[in-house]
Amino acid sequence: MASAREEVRGVRGLEKDLEEVKELLKKATRKRTHDVLMAEKYKLEMEIKNQPPPKLKEDTTEEEKPPAGGYTVKINSYGWDQSDKFVKIYITLNGVQQLPAENVQVHFTERSFDLLVKNLNGKNYSMTFNNLLKPISVEGSSRKIKTDMILVLCRKKREEKWDCLTQVEKESKEKEKASYDTSDPGEGLMNLLKKMYSEGDDEMKRTINKAWVESREKQGKGDMPLDI
């Protein structure tokens, strides 16, 4: 169990981190950097706020145990859809409707949001989305608590369709698509066959090579089979 002195040191460390983030915010010139620093500032402020008051003396009795919700679980599972005005993120958490409303907090910036659920069944839960695909309205965004579910509503700044939630997802999809989607249909098919060949087992490679050779023989060409 941490002593009062250790707890004070922990709070001071968080406060120093917060001061450093504030200094970096003053120097940040890029929007994405500013949003990331704002999210980190909010997290540190919440950690400091949630720190238990230091005890006047150490007590090693069994009754003195760390308070419930002493550690945080990262939420990785969610669903989402959209309307003309909102992007909607659905997070399932059993029993969340039984918490006080102030225990479910969402902090929005123009390109991110951070969800913190405090003391649900003895645990805290968090979810952070940085680099959203498009800007959102901070004032128009909100959250709703439903039975066993939290609904995060991100208000679009422009009423246009989102293909995915974040810029990272978009870049990943574009890279995957570019590997076999080209302006030349024949080249696109070739790239797809190469991908199947490189990822396939020995039987798959033999099948592709055989089909390739037979196709070239029928066309009367002397091209070599795939050698990837």
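What follows draws every value from the coordinates through simple rules; no lab data is involved. If you're wondering where the values come from, they're calculated on a predicted model, not measured in any experiment. Counting neighbours? That spans all protein chains shown, and the Cβs are built from the backbone with ideal geometry, glycine included.
Before moving on, here are some points about what is shown:
- Looking at the stretch 145-175, the trypsin sites (Lys or Arg not before Pro) that sit in a DSSP loop and have at most 13 other Cβ atoms within 10 Å of their own Cβ are 157, 158, 161.
- Under-5 Å amide H pairs with residue 73, H placed in peptide plane, nonlocal only: 124, 125, 126
- Listed residue pairs exceeding 29 Å between alpha carbons, taken from 26/173; 26/161; 22/173; 41/88; 31/170; 43/134: 26/173; 26/161; 22/173
- Nearest-0.05 FRET efficiency for residue 146 and residue 71, computed from C-beta distance (R0 22 Å): 0.30
- Computed extension gain for residue 174 through residue 138, at 0.36 nm per residue and net of the alpha carbon distance, reaches 10.1 nm.
- Shape class for the stretch 73-155, computed from the alpha carbon gyration tensor (a ≥ b ≥ c): prolate, with a/c not under 1.5 and a/b above b/c.
- Sites residue 211 and residue 166, calculated FRET efficiency, Cβ-Cβ separation with R0 35 Å, nearest 0.05: 0.35
- Cα gyration tensor category, rounded, prolate or oblate, for the stretch 71-111 with a/c compared to 1.5: prolate
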